[in-house]
Amino acid sequence: MKRLCPSLLCLGLWLPAIGLFAQKSNCQQRPIILIHGFLGAGDNYAPLAAQLQAAGQCTGSLIPYDWNTLSRNPQEVKRLDSVVQAALAQSGHTQVLMVGHSAGGSLAYQYLADSLRSQRVAGYVHIGSRAMAAPAGPGGSVPTLNVYSLADRTVPGKDIPGASNVKLHTPDHFGLVTCDSTAAAVLQFAGLQPAKKPATTATSIQLQVLQMGENKPEAGATLTYQLLQANGSPAGSTRTAVTGADGKATLQLPAPLQQPLWVKCQPVSGRAVAYYFAQVPAGPMPLYLRTLPATGMVNLLLGGIPKNEQPAWVLFNPQQAFAPGAVPLQIGTDTLNTPAITPAAKTVVALFLYDSNADGQSSRQPIGLFGQAPFMNGIDYALPATGSTTLQWQGRPWQIPAVASKDFVTVIVL
């Protein structure tokens, strides 16, 4: 579904192109480093990356920077610099374009504060991040595009003096990264011509498996996957793959990819996760899976997910919040994106549904553990233990197979 934002023409904005890209063959365009925000990952950038690819950027020039936003490692800037320098060495360029969302914007400003590092960046895009006193770089020396939304309930933005500023009115904190107006602003800032988004025609898909929160690559995880029919039943044979040391694996699938994808992920240790992708997105980004770590802050929050015969669901959208009053998110006739369940102030992109008190009833009462957690919420909801359950999102029904929580936690990517 197209994400609605006010168009740049309606806003009367003009952003001067800064000539960031010299088009070359063999994936030698100027690299673009995409830095996600708190609890995010590279899939937050999937729609923007698809539009950049359609405008001429090859897959290898679009580099998601997956980092641990929980620890705020003092060495993170050094690690980011190593990725930047490796991208430059591979491409033959002397400068990258850098994009930061939310907490990723703070990391980018920290990176660019150094005069030597800032010389490696031709331009910087600041999306849904805190307002700064000046453009990035020493003395505001790095050309900066600042995109913010008045509807962002997580990080209230405002103009940055000296930067190219784009003020939007309707996108939420995550929708700001993925909406068409932001993509148009980025393309114009980069001197690229917009083009139609590419269709999904690949016969293989790159998959990235990370531990939730810390974004540590999940090495050696066994993946069992297959396509599903509209009614949730299998549509073809089951295949397997194993992730490498970098948490990546390649899935071989028929083209075009027009059916839901079902992937069961069994890590070497920790809980198994079953992923339902309602549709495989087009574009250069890998599909991301997040496993549940056995230790740490995330485990303290999610360790209460039951292990029994009933399903435990996570409804997840890495690209826009389940805002109340938007397109209904429903199980049967039961609407879930309401002010009580997905309040706008929380910017809920992950909604946990499970029978928290094991009574077989759905009280829809909040699960206390999620009260203070950003971007997520949880309610007491007893899901059928057999067959499949109809979930509706964006006007389309999806049949989700029942999987016992003792076997897998089911994550439904919408």
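Worth a mention:
- Test for F174: is it closer than 27 Å to G128 by Cβ, crowded, with 20+ Cβ neighbours inside 10 Å and out of contact with any Leu (no Cβ under 9 Å at 6 or more places or on another chain): yes
- Candidate set from the stretch 264-277 (those that are assigned to a loop (DSSP other than H, G, I, E, B) and surrounded by 19 or more Cβ atoms within 10 Å (Cβ to Cβ)); member that is modelled with the lowest pLDDT: R271
- The set of residues from the stretch 125-167 being within 24 Å of S91 (Cβ to Cβ) and touching a helix residue (DSSP H, G or I) at 6+ places or on another chain (Cβ under 6 Å) comprises V125, H126, I127, A136, G137, V142, L145.
- Taking the conditions (1) assigned by TED's automatic domain parsing to the domain that holds L80; (2) surrounded by fewer than 16 Cβ atoms within 10 Å (Cβ to Cβ) in turn, A195 satisfies each one other than (1).
- In summary, A131 fulfils each of the numbered conditions (1) modelled with pLDDT of 95 or more; (2) part of a loop (DSSP other than H, G, I, E, B); (3) surrounded by 15 or more Cβ atoms within 10 Å (Cβ to Cβ) with the single exception of condition (1).
- Leading residue by the ranking (farthest from F38 (Cα to Cα)) among those in the stretch 212-224 that are in contact with a Lys or Arg (Cβ under 8 Å, 6 or more places away or on another chain) and modelled with pLDDT of 95 or more: T224
- Sub-8 Å Cβ pairs linking a first residue in the stretch 22-39 that is modelled with pLDDT of 95 or more to a second residue that is of a type in the set (D, E), at least 6 apart or interchain, are H36/D66, ordered by first then second residue.
- Residues of the stretch 268-321 satisfying the condition of being polar (S, T, N, Q) and more than 18 Å from W398 (Cβ to Cβ): S269, T291, T295, N299, N308, Q310
- Annotation note: of P138, P74, the sole residue that is in contact (Cβ under 8 Å) with a residue 12 or more places away in the chain and more than 22 Å from P156 (Cβ to Cβ) is P138.
- If the condition is being of a type in the set (S, T, N, Q) and farther than 25 Å from A195 by Cβ, then the stretch 150-183 contributes T154, N165.
- Summed over the stretch 72-85, the residues that are surrounded by 13 or more Cβ atoms within 10 Å (Cβ to Cβ) and either closer than 16 Å to H101 by Cβ or at pLDDT below 95 (or both) give a count of 2.
- Given (1) in contact with a Leu (Cβ under 9 Å, 6 or more places away or on another chain); (2) at negative phi; (3) modelled with pLDDT under 85; (4) part of a loop (DSSP other than H, G, I, E, B), index of the condition P311 fails: (3)
- Subset tally (residues that are surrounded by fewer than 18 Cβ atoms within 10 Å (Cβ to Cβ), closer than 29 Å to Q229 by Cα and among the acidic types (D, E)) for the stretch 334-391: 1
- Search result, residues across the stretch 214-252 that are closer than 15 Å to L289 by Cβ and either outside the structural domain of Q279 (by TED's automatic domain parsing) or not in a strand (DSSP E or B) (or both): E214, N215, K216, E218, A219, G220, A221, T243, G244, D246, G247
- Only residues that are more than 27 Å from G387 (Cα to Cα), surrounded by fewer than 20 Cβ atoms within 10 Å (Cβ to Cβ), in contact (Cβ under 8 Å) with a residue 40 or more places away in the chain and among the aliphatic types (A, V, I, L, M) were counted in the stretch 221-263, giving 1.
- Complete set of residues in the stretch 160-169 that are under 22 Å from the mean Cα position of the chain (by Cα), surrounded by 16 or more Cβ atoms within 10 Å (Cβ to Cβ) and either not in a strand (DSSP E or B) or not β-branched (V, I, T) (or both): L168
The values are calculated or read from the model by the stated rules, or taken from the named source; none is laboratory data. Just so you know, these numbers come straight off a predicted model, no measurement behind them. Quick reminder, even Gly has a Cβ in these numbers, built from the backbone with ideal geometry, and neighbours come from all protein chains shown.
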